[in-house]
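Shown next, in structure tokens, is the structure this report addresses.
The values are calculated or read from the model by the stated rules, or taken from the named source; none is laboratory data. Just so it is clear, the model here is predicted, and its values are computed rather than measured. All Cβ positions, glycine included, derive from the backbone under ideal geometry; neighbour counts span all protein chains shown. These area figures cover heavy atoms from the full protein model, side chains too; ligands, DNA and RNA do not enter into them. Shrake-Rupley method; radii C 1.70, N 1.55, O 1.52, S 1.80 Å.
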Amino acid sequence: MIPLLHDFSGATVLVVGGGSVGARKARRFAREADVIVLGPEFGDRAFGDSELVRAAPDPDETREWVERTEPALVVAATDDEAVNEAAAEAARDRGALVNRADRSGSRDAGSVVVPATVRDDPVVAAVATGGTSPALSRQLRKEIESDLEGAGAMAELTGKLRAELKADVDDPDERRAAIRAVVQSSRVWKALRTGDTNDRQVARDVINEELGGEPGETPC
């Protein structure tokens, strides 16, 4: 499977199944999409900002729900394989993506796996095992969380520096080397992770050193 980032803003995600798996999937997608969850009961589970519909559709009714809601993604998360298969088939017929929560390993075309995610906006890192071992995905996510601390701030800082360097440094190789030096600098990472308000100046000093200038000068 090829990992891609997909924008579900304004799209509908239909989750068929109101159990713990359906709740987890709903919470994930409700941060961005309009999520509808079908289930006979929901207990005290958290579904995020999702629309909960009490229903226990059979396969034919499941297909009708897919037609009615026109989802961009269908999550099949019941304990009834016939219902899950009907949801998946209806999604494929509409050209929608499918996430079979009851399947691991080989999957049909159009299938997606929801990875374990670490987020420090605008940086996102995802770990997936093709659905074979969600526990391993979660463990690996925990291990890389500390490594990504400050990554969002680094992305925003270097994005601004790139724009400034384009205006002041003609050689694209020098610009790339300067940004690479900032990203690799332990001084800049430390400033970002400790909340040092001088992080921008620290980065500029690194750039000046890379370009042969003196600390404190402003090349950009």
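Numbers at a glance
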| read-out | value |
| --- | --- |
| Most mobile of Leu165, Leu73, Leu97 in a GNM of the chain (Cα contacts under 10 Å) | Leu165 |
| Length-normalised contact order of the chain in % [C-alpha pairs under 8 Å, at least 6 apart] | 11 percent |
| Given [x] 1, 6, 11, 11, 10, 9, 8, 7, 6, 6, 5, 5, 4, 4, 3, 2, 1, 0, 0; [y] 1, 6, 11, 14, 12, 8, 5, 3, 3, 3, 3, 4, 5, 6, 6, 5, 3, 2, 1, 0; [z] 1, 7, 13, 14, 13, 10, 8, 7, 8, 7, 6, 4, 2, 1, 0, the label whose value is P(r) over Cα pairs in 5 Å bins from 0, in percent derived from this model | [z] |
| Selected from Gly159, Gly48, Gly150 as most flexible by GNM, with the chain as the system and alpha-carbon contacts under 10 Å | Gly159 |
| Estimated dipole of the chain in Debye, rounded to 20 [Cβ of Lys and Arg +1, of Asp and Glu -1, Cα centre] | 400 debye |
| Rounded percent of accessible protein surface that carbon and sulfur make up, the chain, 1.4 Å probe | 46 percent |
| With DNA, RNA and ligands ignored, accessible area of Arg94 (1.4 Å probe; Å², nearest 10) | 100 Å² |
| Cβ-based charge dipole, segment 26-108, positive-most Cα from Ile36, Thr78, Ala46 | Ala46 |
| Size of electric dipole in segment 28-83: Cβ of Lys, Arg +1 and of Asp, Glu -1, about Cα centre, debye, nearest 20 | 260 debye |
| Inter-probe distance in nm under a simple model that places probes 7 Å from Cα toward Cβ, at Lys190 and Glu164 | 2.1 nm |
| On Cα atoms only, tilt of 151-168 relative to the major axis of the chain in degrees | 50 degrees |
| Rough spin-label spacing in nm, given labels placed 7 Å along Cα→Cβ, for Ala109 and Glu149 | 4.6 nm |
| Rounded accessible area per residue of the chain, 1.4 Å, Å² | 56 Å² |
| Considering only the chain, percent of DSSP beta bridges that pair antiparallel, nearest 5 | 20 percent |
| Relative contact order (%) - criterion: Cα under 8 Å, at least six apart; region: segment 8-96 | 32 percent |
| Where Thr12, Thr62 fall by accessible area, highest first, once all protein chains stay in place (1.4 Å) | Thr12, Thr62 |
| Largest-first ordering by accessible area, 1.4 Å probe, given options Ser185, Ser146 | Ser146, Ser185 |
| Segment 130-211 - percent relative contact order, Cα under 8 Å, separation 6 or more | 28 percent |
| Helix 81-94 vs. the chain, principal-axis angle (Cα, 0 to 90°, nearest 10) | 60 degrees |
